[in-house]
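Bear in mind that the values in this text are calculations on the coordinates, not laboratory data. What you are looking at is a predicted structure, and each value in this text was computed from that prediction instead of being measured. In this analysis, Cβ positions are derived from the backbone assuming ideal geometry, glycine residues included, and neighbour counts consider all displayed protein chains.
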Amino acid sequence: MPGGVGDAVCHIARGARVLGSHRYTRVVSPHGVAPMYRPKHFDCTDAAMLGRITTAHPFAVLVTTLDGRLDATHLPVLADHARGAHGVLRFHLAAANPAARALDGTVEALVVFTGPNAYVSPDWYVTPEQVPTWNYAAVHAYGRPTPVSDPEAVLALLADLSAFAEGGLDKAPWTMDKVPDARMRAMLRGIVAFEMQVERIEGKAKLSQNRADADRAGAAAALSNEPGEGARAVAAMMRALDEGP
């Protein structure tokens, strides 16, 4: 399975570091969906970085509206970055999920990917009288999921998804040929596969860009010694921010 995102960072965030600034990016959506709140110094437009986050953290949240109400589904999502301007997202839902019946290619949806994240203690700062915060990276992808009707394409999605996940395990990978073809095709009736051409994508990398250099360095050093994988990944991103391209 592909690694994390600690070895790359949003170049625009480094260049836009502003202490005490509350300016933020607000892009008006032609579809009426409010953009992610992201101050200028946390804004991430680096396509490579966004791709790393969506690939390394594929378990996402699909948000849409059903009968005028918000609906959220947690699911694994495969990102194909080679297709279209912003890539294509591939996923499947249980056929019994109301969202599976509502997503017909015309309904706009939001897919939220949460990247590395970690609590930051003010004890790690040099500057006194500060308060805690949380550093993180996240990506919002917008589009209109379209059902995939070709059974072979659905099987390909399932094969790709299992291969991606199995690749990160310390064992010989499970493969779909271990399930009889007739049984596998019967099970396809229980799911609906989708592809979503990403029409708009937004990224945010909150990595203490609004802090003094010494405070940021202290937080990064402390996070790198924490036991959690997320904390160490955030520390690596913070260091990469200071090191630059």
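Quick one: would you say VAL111 is of a type outside the set (Asp, Glu) and without any contact (Cβ under 8 Å) to a residue 60 or more places away in the chain? Can you show your working first?
Values: of a type outside the set (Asp, Glu): yes; without any contact (Cβ under 8 Å) to a residue 60 or more places away in the chain: no.
For VAL111, the condition - of a type outside the set (Asp, Glu) and without any contact (Cβ under 8 Å) to a residue 60 or more places away in the chain - is not met.
Scanning region 111-142 for residues that are under 18 Å from ASP43 (Cβ atoms) and not small (Gly, Ala, Ser) gives VAL112, PHE113, THR114, PRO116, ASN117, THR133, TRP134, ASN135, TYR136, VAL139, HIS140, TYR142. Number of residues in region 48-65 that are of a type outside the set (Gly, Ala, Ser) and not in a strand (DSSP E or B) equals 8.
Look at region 83-111 and say how many of its residues are on the phi > 0 side of the Ramachandran plot and either within 20 Å of the chain's Cα centre (by Cα) or acidic (Asp, Glu) (or both). Matching residues across region 83-111 total 2. Quick check on GLN130: is it touching an Asp or Glu at 6+ places or on another chain (Cβ under 9 Å), touching a residue at least 40 places away in the same chain (Cβ under 8 Å) and either of a type in the set (S, T, N, Q) or surrounded by fewer than 16 Cβ atoms within 10 Å (Cβ to Cβ) (or both)? Taking the combined requirement at face value, the residue satisfies it. The set of residues from region 85-123 being in a strand (DSSP E or B) and of a type in the set (Lys, Arg) comprises just one member, ARG90. The residue pairs whose first member lies in region 216-245 and is touching a residue at least 60 places away in the same chain (Cβ under 8 Å), whose second member is of a type in the set (Ser, Thr, Tyr), and whose beta carbons are closer than 7 Å, counting only pairs six or more residues apart or on different chains, are GLY218/TYR125; ALA219/TYR125; ALA219/SER208; ARG232/SER224; ALA235/SER224; MET238/SER208. Count, please, the residues in region 66-84 that happen to be in a loop (DSSP other than H, G, I, E, B) and without any contact (Cβ under 8 Å) to a residue 12 or more places away in the chain. Looking only at that region, the number is 3.
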